[in-house]
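Enquirer: One structure, pasted below without further comment.
What follows is calculated from the coordinates using simple rules that are stated; it is not laboratory data. This one's a predicted model, so the numbers in the text were calculated from it and none came from an experiment. Because the Cβ atoms are built from the backbone with ideal geometry, glycine has one as well, and the counts that use them run over all protein chains shown.
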Amino acid sequence: YDLEELQKWGKSRGWCPYYLTRQAINHANILVFNYQYMLDPKVAKMVSKELEAESIVVFDEAHNIDSVCIEALSVDINDRGLEQATRSLGRLSSEVSRIKTSDNQRLQSEYQNLLNGLIDQGLLDAPSNDIGLTSNVLSPDVLNEAVPGNIRRAEHFISFMKKIVEHLKERLRAVAGPNGGVQSETPLAFLHRLTNGTSLEAKPLRFAYSRLTSLLRTLQVSNLDDFRSLTDIADFATLLSTYSEGVAKFAIIMEPNASSIPGAVDPVIQLACLDSSLAMAPVFKRFGSVIITSGTLSPIDLYPKLLQFQPCVSESLNMSTFR
């Protein structure tokens, strides 16, 4: 089936073509998709998490794979996105208030569902009794320590995200102001200013993306594109907190004008990934056979260093335009 035929087939049976395709992945012998479905953590968790460890992963035309890895873990924040995020938070707040009066049990069970999701993603350790996630009951200690208390309740988390959005707006105004200019900070320095300016703790930031995803799922949001900017900010917060210490794997770059349009002003804050191996490491860890190939993969010895892996087989084949 092509996309159009799949849409018709799903419509005739009342099935969603998107989820039907995701289910079909588990039964296919060969899958062809772009790098993001394997390298971008947000997409990979949804699409390729069910693939068996024995699967053979082939990255074709991989001469730019390091750039794709860096792009997958980099996040840009601008004024337009922050305004959209503010509107999205207002919609979420209204929806939470509505559900609290009509279906409060759904919100009460959301935290347990969030924990199950974090365990499923490998962000939390499963309980020692090894009970299935659908019927899993975590001990009170795990419940208290897993996700910080100030973002467990939906309304508290929305207030938490509003403070982050307002702080980012202030930083953008400063960058675009008369005393601004291009600036660079380490994630630790940026995180320190954020926590001081908002009185928020650093630990909850690590769960911002998973917490937002859980809330959107609980509220049964259908048009996720409307919340893309808010999702990017939650992703920014999670990456910032996770990689703020140790050897610098990210950098914060603030520009007063990232627009290519003459006369337009578009200040931006970019969380720039500096280490392409971060996106590839989960692939190497999960799959036993990973092949990286391209007709222009040169110099071939450079890529194991960029992606930090030890190849079992490395071969460069001579090519000619003559038969």
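Enquirer: Specify whether the C-alpha gyration tensor of region 156-264 places it in the rounded, prolate or oblate class, a ≥ b ≥ c being the square roots of the eigenvalues: rounded for a/c under 1.5, otherwise prolate if a/b is larger than b/c and oblate if not.
Expert: oblate
Enquirer: Let me ask something else about it. Distance cut-off 19 Å, Cα to Cα: go down the list K169/K203; K49/K285; K285/K305 and report the pairs above it.
Expert: Violating the 19 Å limit, Cα to Cα: K169/K203.
Enquirer: Here is a further query. Label points 7 Å out from Cα along the Cβ direction at W15 and S316: separation in nm?
Expert: Going by the 7 Å Cα→Cβ label model, 4.9 nm.
Enquirer: Between R153 and A251, take the C-beta separation as r, use R0 = 35 Å, and let me know the FRET efficiency to the nearest 0.05.
Expert: The computed FRET efficiency comes out at 0.55.
Enquirer: Please work out the FRET efficiency for the pair S260 and R228, using the Cβ-Cβ distance as r and a Förster radius of 25 Å; give the result to the nearest 0.05.
Expert: Computed FRET efficiency for S260 and R228: 0.70.
Enquirer: A follow-up question, please. Pop the C-beta distance of L302 and R98 into the FRET formula with R0 = 56 Å and round what comes out to the nearest 0.05.
Expert: 0.55
Enquirer: Can you tell me the dipole magnitude for region 182-323 around its Cα centre, using point charges on the Cβ only (Lys, Arg +1; Asp, Glu -1), in Debye to the nearest 20?
Expert: 440
Enquirer: Another one. Under 1.5 on a/c is rounded, so check that first for region 1-101, then, if it is not, pick prolate when a/b is larger than b/c and oblate when it is not; a ≥ b ≥ c are the square roots of the alpha carbon gyration tensor eigenvalues.
Expert: It is oblate, given that a/c is not under 1.5 and a/b is not larger than b/c.
Enquirer: Could you tally the net charge around S294, taking each other residue with its Cβ under 9 Å from the Cβ of S294, Lys/Arg +1 and Asp/Glu -1?
Expert: With Lys, Arg at +1 and Asp, Glu at -1, the net is -2.
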